[in-house]
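Peer 1: My structure is below; once you've seen it, I'll send some questions.
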Amino acid sequence: MATLTKQQIGTVLAKQGILIAFAVFMVAFTLANPKFISIDNLFSVVRSSAILGVMALGVTFVVISGNLDLSVGSMMSFSTIVVLDLHDKIGPALAIPAMFAMTLCLGAFIGFLVGYLRLNSLIVTLGMLSAIHGLTLTYSGGQNMDIADKEGTWFSVFGQGSALGIPVPILIFVALAAFLGIMLAKTPFGRKVYAVGGNGTAATFSGIRRARTVFACYIISAFCVATAGLIQASRSLGSQNTVGQGLELEVLAAVILGGASLLGGSGAIFKTVIGVLILGFIQNGLLLIGLQFYVQFVVTWVIIILAVWLDIAAKRGKLWSPIA
Amino acid sequence: MTDPVLHLDDIVKTFPGVRALDGVSFSVMPGEVHALMGENGAGKSTLMKVLGGIYQPDGGSIHVGKERVTMAGPLEAKAKGIVFIHQELSLAEELSVAENIYLGELPRKSFGRVDWHRLAEQTNLILQKLNVGFDATTRVGDLSIANQQMVEIARALTVDAKAVIFDEPTASLTDAEKVVLFDVISDLQKEGVGIIYISHRMEEIFKITDRISILRDGQYQGTVNTAETHEEAVTQMMIGRKLDLSRNETHHELGDVALEVRGLSCGKLYEDISFEVRRGEVVGFYGLVGAGRTEIAETLFGLRDPSAGQILLDGEEVRITSPNDAIARGISLVPEDRKGQGLVLGMNCRDNMTLPQVQDLTSGPFVAEGAEVAIFDQYRDRLDIRTPGWKQLVGNLSGGNQQKIVIGKWLSMHPNVLIVDEPTRGIDVGSKSEIHKLLRELAAQGYAVMVISSEMPEVLHVADRIVAMYSGRIMRTFTSEEVTEDSLIQAISGLGGHEAA
C-alpha cells in the first residue's frame, strides 16, 4: 500500500506521537545548537534528571494502582530540610535513617487515607502538598537549612560523589530503577498493583487486599521521595524550604510521558525512565537555545496535556473525539 | 406486496485479516418484528454498526424505503429514521425524564430560555403512548432499569422512526418488565415501524418475532418464518450443530455435605436461609432479580457480614471475613458481572486466570511464569478457550471465552464449593451449552456446585435440586424430578409456595 489513509496516519501519530515529537525535537535542537548532542551534555542531562527520576519511579507504582500522588514535591522539601537539620544535631549516620522513617510515616498516612479509608487520592495528596509544606516551614521556622561544616562531611557522597567515573546520583537512580522495575514486573506484589489499578472490584473478587496494595504503593513512593531528598540535600549541603516545589507536576509529566495511563492498570518502570529522559532533554534543550529557565514550567504543562491527549487519542484511534 | 422499510443488500465489511460480514442481505417489512440471531462474533454487532453509520461497508448497499442511502454517522442514521435502543443505557441520571428525552434539542423561548411547559407537554404525550407509570419530571436515576429503558424508547419516538433496532433489550429486565417492553414493541408494530430484535433468548424470539434471520461467521445463513420453525432448527443454523435442551436427568453419586447454611440472614436482603450442598451435587437458585440470591453468594464469599445464622463447611462452623478468607477455605465465586467483577480486561489471559493464586505461584521472590502458563494451557484445553495465546488481552475475547477464563480461574483453585452466579448471561448458545455441560461434569468429579440463575431452562438443565427464592426467602426446594415450570414460576412469584427446607 503506497498511500496511507488519513485515519491510519492519525492512528500512527496517536500511538507513536510522543516518540515522533521527541525525535523531531532532538533534531531541531541539535541543528539550533550542536552542543546539544555532545557527550558532556548528555551526561549532564542524565545527572540532573536523577532526582526527578527517583521520585518518578515511586509515583509510577501509585499511578498504576489507579491513584495520584501530588504530594511528592513538598514531601521532598521536607526530607531535604529534615536530613540537613539532623545532620548537625545527631550526625549523618543517624540523620539518614531518622529522615527515612519520618518520610515513610507521611507516606503511610497518605496510604491509610487513600487505601483504607478509600478517599479520593487527588484531594488527599493535593491537601498533603499544602500540609507537608506547612510542616516543613514549621520545622525549619522558615529559615534556610545549611550544614555547618560543608567540607568535612562524608554526607556529600550521595549527591557529589562518583564511582567508576559515574556520579552517585545516577548510580542510585539506575539501581533503584532496576530493583523497582523487577519488583513491578516480576513479583506477585507487582501483579497485584496492576490488577488493583486495572479493575479494583475484580481484584477484590480475586481475594486481593486492595487497601493493603494501595497502601504499599504510597510507602514505595515515600521511600523514593526520601531517597531523592537525600540526594538533593547531599548535593547542595544546604537548602531552601521550597526546594521540591512544583516537582510533583514534572514527576507526573514524566510518568505520563512514559505511557502510564492516569486511569490505572498500565505503565512500567522502564517506560517511566524513558519519560524522565525525554523530559530532561526537552528542558535542557530549551536552556541551550537560550530560553529563560522559567519557560520550563509552561513547557511541563504543555507536555502533560500533549501526553494525556495522545494517550486518549491512541485508545480511541483518532486525534479528535467524534462526539465532542 | 409492500416495500420493506429497510433493506440491506449484499453488505461486505472486512477488517485486516477478517471478513466480518460476507455478503449479508436482509430486509425488514413495515410492522414486522425481525429477529437477528447468531453466536457472539457472528457479525451482528458489525452489521448494526454498518447500519448505524459507525462503520462504512466495503461493499453492498443500504436502502431506507426506496431510497439508497449512505450512513455517514449515527446522527444521519437517526435523521433517516433508523433508531437504536442499546443494551447499555446512555442516560443522565440526575436529569428529568423530559430533559433526557429531548437532550440537545430542548424547546426554547426568548433569550434561549428552556420552555419547560412545552417540554413537559411534548414528553407526556410520548409517555402516554408508552403507557408508563412515571411522568416528564421524574428524575431518571429514580427509575428502575426497565423504566430507564422506556425512556430510551421514548427518545427514539421523538423522531419519525422507520426502523427501531433493539439490542439485547431484556438482558437486565425482570419477567414482569419484559411484558411491558413487549407491549411497546407491539404498539410500534401497529404503527408500521419495522423492528430489528437482537437477542440470545429463544423464548422471546419465538414469542414476539415474525421472521428470523441468522448469521454465522459473518455469513448470511437465511431467513425463516418464526411460525414455521422451532428452536432446534434455528440453533442448528446458528452453530451448525444440534443443541441439547433437555432437563437434567442424571444424578451423580452424592458425597458428604460440603456446605451447610442454617438460618442465615442479612438485614432485609434475605432472611432465614437454610440449605445444604453435597459433593457431587448441583443446586440451582432460581428467582427474580432482587430475590437475594446474589447477596447470599456474596455472604458466603466474605463480601457481606450476615446478621444472623451459621455457615458450616464440611460440618464445621466458620466465619468468613473476606474474599481472601473464603478462598483459603476453598470457596470460589464466579461473579455475576463478568466485566466488572470477574476480569481485569486490560490484563492478559494468563494473568487473569492465575490472579487469585499469584501469591503462591512463586519461585523465590518472583512469580513463576512457567507454572502460570502451564495452568493457563491446562484450562484452555479443558474448557476449550479460543484465544490466539495467553498474551491476548482478555478485553479482546468474546463474551463466552471471557466467561470461560473466569471459570478456569476459579477451577484452578480446586475449590470445595464452587458458586457460579449467572454463568451464561450474555453469551451465545454454543458456549452456553458447553458451560452447562461443564457444570454437570464438575459435579461428577465431586465438586459441590451452587448455580444462581434467572433463566429457567438453565436451572432445569443443570440442577439436581432447585431452590426457589422470592423476596429474600426460600419458598420451596424442588428435586429435578418433581419440578414443573408452573410450580417453579409460582414459587418465585410468591404465590402458593410452601415453606420447605
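Peer 1: What residue, among those in region A:203-226 that are open to solvent by 10 Å² or more (accessible area, probe 1.4 Å) and in contact with a Phe, Trp or Tyr (Cβ under 6 Å, 6 or more places away or on another chain), is nearest to the other protein chains (Cβ to nearest Cβ)?
Peer 2: Checked region A:203-226; the qualifying residue nearest to the other protein chains (Cβ to nearest Cβ) is A:ALA211.
Peer 1: Taking the conditions exactly as written (open to solvent by 30 Å² or more (accessible area, probe 1.4 Å) and either modelled with pLDDT under 90 or hydroxyl-bearing (Ser, Thr, Tyr) (or both)), does B:GLU260 satisfy them or not? Before the answer, list the steps.
Peer 2: Working: open to solvent by 30 Å² or more (accessible area, probe 1.4 Å): yes; either modelled with pLDDT under 90 or hydroxyl-bearing (Ser, Thr, Tyr) (or both): no.
Judged against the criteria, B:GLU260 is not a match.
Peer 1: Right, here's the next one. Of everything in region B:378-389, what is surrounded by 14 or more Cβ atoms within 10 Å (Cβ to Cβ) and modelled with pLDDT of 90 or more? Give them in sequence order.
Peer 2: B:GLN378, B:TYR379, B:ARG380
Peer 1: If you scan region B:49-81, which residues turn out to be open to solvent by 20 Å² or more (accessible area, probe 1.4 Å) and among the aliphatic types (A, V, I, L, M)?
Peer 2: B:ILE54, B:ALA72, B:LEU75, B:ALA79
Peer 1: Considering only residues that are aromatic (Phe, Trp, Tyr) and more than 8 Å from every other protein chain (Cβ to nearest Cβ), which ones fall in region B:363-380? Let's see the steps before the verdict.
Peer 2: First, pick out the residues of region B:363-380 that are aromatic (Phe, Trp, Tyr): B:366, B:376, B:379.
B:PHE376, B:TYR379 - these are the residues of region B:363-380 that are aromatic (Phe, Trp, Tyr) and more than 8 Å from every other protein chain (Cβ to nearest Cβ).
Peer 1: Which members of region B:305-351 meet the condition of being of a type in the set (D, E, K, R), within 14 Å of chain A (Cβ to nearest Cβ) and either in contact with a strand residue (DSSP E or B) (Cβ under 8 Å, 6 or more places away or on another chain) or free of Cβ contacts under 8 Å to residues at least 60 places away in the same chain (or both)?
Peer 2: Passing the criteria: B:ASP325, B:ARG329, B:GLU336, B:ASP337, B:ARG350, B:ASP351.
Peer 1: Any idea how many residues of region A:116-148 are closer than 30 Å to A:ARG210 by Cβ and part of a helix (DSSP H, G or I)?
Peer 2: Looking only at that region, the number is 15.
Peer 1: To continue, here is another question. Among the listed residues A:ILE278, A:ILE256, A:ILE269, A:ILE274, identify the single one that is of a type in the set (Val, Ile, Thr) and open to solvent by 20 Å² or more (accessible area, probe 1.4 Å).
Peer 2: Going through A:ILE278, A:ILE256, A:ILE269, A:ILE274 in turn, the sole match is A:ILE274.
Here's the yes/no breakdown for (1) in contact with a Pro (Cβ under 9 Å, 6 or more places away or on another chain); (2) surrounded by 14 or more Cβ atoms within 10 Å (Cβ to Cβ):
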| position | (1), (2) |
| --- | --- |
| B:GLU93 | no, no |
| B:ASN100 | no, yes |
| B:ASN131 | no, no |
| B:THR137 | no, yes |
| B:GLN149 | yes, yes |
| B:VAL184 | no, yes |
| B:ILE198 | yes, yes |
| B:MET202 | yes, yes |
| B:ILE208 | no, yes |
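Peer 1: Being of a type in the set (Ser, Thr, Tyr) and outside any helix (DSSP H, G or I) is the filter; apply it to region A:266-303 and report the residue that is nearest to B:ASP351 (Cα to Cα).
Peer 2: A:SER266
Peer 1: Of the conditions (1) open to solvent by 50 Å² or more (accessible area, probe 1.4 Å); (2) among the small types (Gly, Ala, Ser); (3) under 30 Å from B:THR2 (Cβ atoms), B:ALA176 fails just one. Which one is it?
Peer 2: Only one criterion in (1) open to solvent by 50 Å² or more (accessible area, probe 1.4 Å); (2) among the small types (Gly, Ala, Ser); (3) under 30 Å from B:THR2 (Cβ atoms) is unmet by B:ALA176, namely (3).
Peer 1: Please go through region B:482-494 and give me each residue that is part of a loop (DSSP other than H, G, I, E, B) and of a type in the set (S, T, N, Q), ordered by number.
Peer 2: Residues satisfying the conditions are B:THR484, B:SER493.
Yes/no matrix, rows are residues, columns are (1) in a helix (DSSP H, G or I); (2) within 14 Å of chain B (Cβ to nearest Cβ); (3) more than 30 Å from B:LEU343 (Cβ to Cβ); (4) within 12 Å of the chain's Cα centre (by Cα):
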site: A:ALA177; (1), (2), (3), (4): yes, no, yes, yes
site: A:ILE182; (1), (2), (3), (4): yes, yes, no, no
site: A:THR201; (1), (2), (3), (4): yes, yes, no, no
site: A:GLN232; (1), (2), (3), (4): yes, no, yes, no
site: A:GLY264; (1), (2), (3), (4): no, yes, no, no
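Peer 1: So, one more: Please work out which one of (1) at positive phi; (2) surrounded by 20 or more Cβ atoms within 10 Å (Cβ to Cβ) is the condition B:PHE166 fails and give its number.
Peer 2: Only one criterion in (1) at positive phi; (2) surrounded by 20 or more Cβ atoms within 10 Å (Cβ to Cβ) is unmet by B:PHE166, namely (1).
Peer 1: Looking at the structure I just gave you, is B:THR299 without any contact (Cβ under 8 Å) to a residue 40 or more places away in the chain and either open to solvent by less than 10 Å² (accessible area, probe 1.4 Å) or at the interface with chain A (Cβ under 10 Å from one of its Cβ atoms) (or both)?
Peer 2: yes
Peer 1: Being of a type in the set (Ser, Thr, Tyr), away from chain A (no Cβ under 14 Å) and farther than 28 Å from B:GLN149 by Cβ is the requirement here; does B:SER96 meet it?
Peer 2: Against the criterion (of a type in the set (Ser, Thr, Tyr), away from chain A (no Cβ under 14 Å) and farther than 28 Å from B:GLN149 by Cβ), B:SER96 does not qualify.
Peer 1: Now for a different question. Does region B:33-54 include one or more residues that are over 28 Å from the mean Cα position of the chain (by Cα), charged (D, E, K, R) and either part of a strand (DSSP E or B) or assigned by TED's automatic domain parsing to the domain that holds B:ILE208 (or both)? First the steps, then the outcome.
Peer 2: Step one: of region B:33-54, the residues over 28 Å from the mean Cα position of the chain (by Cα) are none.
Looking for residues that are over 28 Å from the mean Cα position of the chain (by Cα), charged (D, E, K, R) and either part of a strand (DSSP E or B) or assigned by TED's automatic domain parsing to the domain that holds B:ILE208 (or both), one finds none in region B:33-54, hence no.
Peer 1: Have a look at A:SER77, A:SER44, A:SER71, A:SER38 and point out the one that is at pLDDT below 95, among the polar types (S, T, N, Q) and under 21 Å from the mean Cα position of the chain (by Cα).
Peer 2: Selected residue: A:SER44, the only one of A:SER77, A:SER44, A:SER71, A:SER38 that is at pLDDT below 95, among the polar types (S, T, N, Q) and under 21 Å from the mean Cα position of the chain (by Cα).
Peer 1: Now a separate question. With the requirement that a residue be part of a helix (DSSP H, G or I) and touching a residue at least 60 places away in the same chain (Cβ under 8 Å), what does region A:15-42 give you?
Peer 2: A:LYS15, A:GLY17, A:ILE18, A:ALA21, A:PHE22, A:PHE25, A:MET26, A:PHE29, A:ALA32, A:LYS35, A:PHE36, A:ASN41
Peer 1: Working carefully through the options B:GLU99, B:GLU105, B:GLU121, B:GLU93, find the one that is among the acidic types (Asp, Glu), touching a helix residue (DSSP H, G or I) at 6+ places or on another chain (Cβ under 6 Å) and more than 30 Å from B:LEU21 (Cβ to Cβ).
Peer 2: Being among the acidic types (Asp, Glu), touching a helix residue (DSSP H, G or I) at 6+ places or on another chain (Cβ under 6 Å) and more than 30 Å from B:LEU21 (Cβ to Cβ) holds for just one of B:GLU99, B:GLU105, B:GLU121, B:GLU93, which is B:GLU93.
Peer 1: Out of all the residues in region B:352-362, which are assigned to a loop (DSSP other than H, G, I, E, B) and more than 7 Å from every other protein chain (Cβ to nearest Cβ)?
Peer 2: Selection gives B:ASP360, B:LEU361.
Peer 1: Right, another one. Report yes if some residue within region B:80-100 is assigned to a strand (DSSP E or B) and farther than 26 Å from B:LEU181 by Cα; otherwise report no.
Peer 2: Here is the first cut: in region B:80-100, the ones assigned to a strand (DSSP E or B) are B:82-85, B:96.
Next, from what is left, pick out any that are farther than 26 Å from B:LEU181 by Cα: none.
Looking for residues that are assigned to a strand (DSSP E or B) and farther than 26 Å from B:LEU181 by Cα, one finds none in region B:80-100, hence no.
Peer 1: Residue check: is A:VAL243 at pLDDT below 95, crowded, with 23+ Cβ neighbours inside 10 Å and more than 14 Å from chain B (Cβ to nearest Cβ)?
Peer 2: Values: at pLDDT below 95: yes; crowded, with 23+ Cβ neighbours inside 10 Å: yes; more than 14 Å from chain B (Cβ to nearest Cβ): yes.
Yes: the conditions hold for A:VAL243.
Peer 1: For region B:375-481, which helices (runs of 4 or more DSSP H) that fit wholly inside it have 1 or more residues that are out of contact with any helix residue (DSSP H, G or I) (no Cβ under 8 Å at 6 or more places or on another chain) and free of Cβ contacts under 8 Å to residues at least 40 places away in the same chain? Give the steps one after another, and end with the answer.
Peer 2: Details: elements: B:399-411, B:429-444, B:456-462.
So the answer is B:429-444.
The values are calculated or read from the model by the stated rules, or taken from the named source; none is laboratory data. This is a predicted model, so every value here is computed, not measured. Glycine gets a Cβ as well: all are built from the backbone with ideal geometry, and neighbour counts include every protein chain shown. Side chains included, ligands, DNA and RNA excluded: accessible areas come from the protein's heavy atoms. Shrake-Rupley method; radii C 1.70, N 1.55, O 1.52, S 1.80 Å.
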